[in-house]
Every structure is written in structure tokens, then in C-alpha cells.
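Chemist: Starting off with a structure, shown below.
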Amino acid sequence: MTTLGLKDCRPEVLSFALLMERELRANDHKSGWKGDCPDTLAERVEEEAEELRRASIDWMGHVAHSERPLSEAVAEEAADVANMAMMVADVCNALPPAPSIDNGQAAALAGLVDAWESLPGGKFYSMKVIEAWLIDKMAPAVNQARALLGRSVSA
């Protein structure tokens, strides 16, 4: 298996991994999965996949069944499916060792995702609002990530 680091990951993968972590933390009050049976967890993967299917159908049809935006529902359900699948791999001792993440990497990733999430989707924004968001939120976060990667930082 090829060894990959965070710098090798696609932005979508990093963003999704952080979404998975957010969903896991929202459920920290539960007992965890370490003692669960793989087939029970695999059944939960199927249940979560059905919830994702329903959320994506609602998104395609623009049908709202709850207070949360439809794209947020799809994201949360997708993360739930992925988390359940990760749990199956974990209890089967099938996960490779995690790469080490130093605080600079974690801060850069968190800053980038926080900046991205600061402009909620599903709304229309004026060019002025988008310009301010790019300058105030995205540019500093991207520059932090650039510095971490050893790339030149824009002014």
C-alpha cells in the first residue's frame, strides 16, 4: 500500500474527513464502537446508507422535512455512512496507522474548513459579500495552508 500524507490528499477528502470528525464528536455522548461486532456495524452502514439515499432524493426534489438545509442533511448522512464503515474497518483491525498531524497542520486544516463553512450554502450572495468573504475569511486560511505546504503566501 502506498504511504500518503495529508499533503497528498484532495481538498474534498480533507474536508470530508473533518465532517466525519464533526459527526463523531456530536455523538461523543454515546458509548463508542470499539466493543461492537463487525456485522452489527455493517448493518448500521446499510441503515445510514438508506438515510443518505432519502436525503439525496429530498435534495434532488428540494423537499425539506426538517429545519436543516438539504445540502447539510446530505453531508451529515454521508459522513454517518463513512463513519460506520470506518468503525467496521477499525474493529476488524483493518485501518492502517494514522499519519501524524502536527498542530500547524491541524490549525491550517481547521482554518480552511472554518472559512469555507462561514458562508452557508443554499443562499444567494451579492458580489460585495462574496468579495468580503474571500478577502476576510478565505485568503488568510488559504495563506496558512500555503505556508504549511511551503508555497509562497499571497499578499
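The values are calculated or read from the model by the stated rules, or taken from the named source; none is laboratory data. Remember, predicted model here, so these are calculated numbers, not experimental data. All Cβ positions, even for glycine, are placed from backbone atoms using ideal geometry, and neighbour counts span all protein chains on display.
Chemist: One residue is enough: does region 42-60 have a residue meeting the conditions at pLDDT below 85 and either hydroxyl-bearing (Ser, Thr, Tyr) or closer than 21 Å to LEU18 by Cα (or both)?
Modeler: Checking region 42-60: not a single residue is at pLDDT below 85 and either hydroxyl-bearing (Ser, Thr, Tyr) or closer than 21 Å to LEU18 by Cα (or both).
Chemist: Looking at region 1-23, which of its residues are surrounded by 15 or more Cβ atoms within 10 Å (Cβ to Cβ) and not in a helix (DSSP H, G or I)?
Modeler: CYS9
Chemist: How many of the residues in region 91-141 are assigned to a helix (DSSP H, G or I) and closer than 18 Å to ALA17 by Cβ? Don't jump to the end; show me each part of the working.
Modeler: Going through region 91-141, the residues assigned to a helix (DSSP H, G or I) turn out to be 91, 103-117, 127-141.
Cutting the leftovers down to closer than 18 Å to ALA17 by Cβ gives us 103-117, 141.
Residues meeting the conditions: 16.
Chemist: Which pairs turn up if I take residues in region 56-67 that are over 15 Å from LYS123 (Cβ atoms) and assigned by TED's automatic domain parsing to the domain that holds ASP80 and look for partners that are outside any loop (DSSP other than H, G, I, E, B) and at pLDDT 75 or above with beta carbon separation below 6 Å, at least 6 apart in sequence or on another chain?
Modeler: If the second residue must be outside any loop (DSSP other than H, G, I, E, B) and at pLDDT 75 or above, the pairs left are SER56/VAL74; ASP58/LEU70; TRP59/LEU70; TRP59/VAL74.
Chemist: Go through (1) closer than 26 Å to GLU117 by Cα; (2) surrounded by fewer than 16 Cβ atoms within 10 Å (Cβ to Cβ); (3) touching a helix residue (DSSP H, G or I) at 6+ places or on another chain (Cβ under 6 Å) one by one and return the number of the condition ALA26 breaks.
Modeler: Just one mismatch for ALA26, condition (3).
Chemist: Any chance you could count how many residues in region 68-87 are under 19 Å from ALA98 (Cα atoms) and not in a helix (DSSP H, G or I)? Walk me through how you get there before you give the answer.
Modeler: Going residue by residue through region 68-87, those that are under 19 Å from ALA98 (Cα atoms) are 79, 82-87.
From what is left, the residues that are not in a helix (DSSP H, G or I) are none.
Residues that pass the stated criteria total 0.
Chemist: Report yes if some residue within region 1-8 is modelled with pLDDT of 90 or more and among the acidic types (Asp, Glu); otherwise report no. Reasoning before the result, please.
Modeler: To start, the set of residues in region 1-8 that are modelled with pLDDT of 90 or more comprises none.
Within region 1-8, not a single residue is modelled with pLDDT of 90 or more and among the acidic types (Asp, Glu).
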